[in-house]
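The block underneath contains the structure these notes are about, expressed in structure tokens.
Since every read-out is calculated from the coordinates, none of them should be taken as a lab result. Please read these numbers as outputs of a predicted model, since none were measured by experiment. Using ideal geometry, Cβ is built from the backbone for each residue, glycine included, and neighbour counts are taken over all protein chains shown.
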Amino acid sequence: MAGACLISLASRLPFVLLGAWPVAGFMGLDVALLYFAFRANFRAARAYEDIRVTPLELMLAKVTAAGARAEWRFHPAWVRLVRKDHEEFGLLELSLQSRGQRIEVAKFLGPGEKAGLAAKLSQALSEARRGPRFS
């Protein structure tokens, strides 16, 4: 932000010196909009999802940027991963489905990252279905 402010200030200075000070004010709007865009992005980045798989349950928790938390609990034996793939773009949607309930996960990830998560989650679910290993 400091670099953007310095560049904006340097580009506005000639207009102020020439007496066209209203132009300088309007040129400052882009820096203000950039600041608010960064703030909104950082606020939205506080949202996350937490997925935990054990032999007894799969727990999904979604936390919004405001801090509101929603939790779902499923038995791993009844959970199915539902994927929506596209030929060109890859994995577009990943959902957990169990007993008529369907919840989309990893909305904020790109197709490649979703595919990696799907592989790891599928492996974790298959290990949970096998049960605990004692050896």
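Return only the number of the condition from (1) on the phi < 0 side of the Ramachandran plot; (2) in contact (Cβ under 8 Å) with a residue 12 or more places away in the chain that R99 does not satisfy.
(1)
Just to be sure before I move on: is S126 over 24 Å from A40 (Cβ atoms), free of Cβ contacts under 8 Å to residues at least 12 places away in the same chain, out of contact with any Lys or Arg (no Cβ under 9 Å at 6 or more places or on another chain) and assigned to a loop (DSSP other than H, G, I, E, B) in the structure I sent?
no
I'd like the full set of residues that are surrounded by 14 or more Cβ atoms within 10 Å (Cβ to Cβ) and among the aliphatic types (A, V, I, L, M), limited to the stretch 104-135.
Of everything in the stretch 104-135, those that are surrounded by 14 or more Cβ atoms within 10 Å (Cβ to Cβ) and among the aliphatic types (A, V, I, L, M) turn out to be V105, A106, L109, A115, L117, A118, L121, A124, L125, A128.
Tally up the residues in the stretch 15-32 that are within 15 Å of G3 (Cα to Cα) and within 30 Å of the chain's Cα centre (by Cα), please.
3
Is it the case that the stretch 77-88 has a residue that's of a type in the set (A, V, I, L, M), assigned to a helix (DSSP H, G or I), under 28 Å from the mean Cα position of the chain (by Cα) and under 30 Å from R130 (Cα atoms)?
Checked the stretch 77-88: at least one residue is of a type in the set (A, V, I, L, M), assigned to a helix (DSSP H, G or I), under 28 Å from the mean Cα position of the chain (by Cα) and under 30 Å from R130 (Cα atoms).
Quick check on the stretch 47-58: of everything there that is in a strand (DSSP E or B) and β-branched (V, I, T), which residue is nearest to the chain's Cα centre (by Cα)?
Among those residues, the one meeting the criterion is I51.
Considering only the stretch 1-46, state which residues are touching a residue at least 24 places away in the same chain (Cβ under 8 Å) and part of a helix (DSSP H, G or I).
A4, C5, V31, L34, Y35, F38
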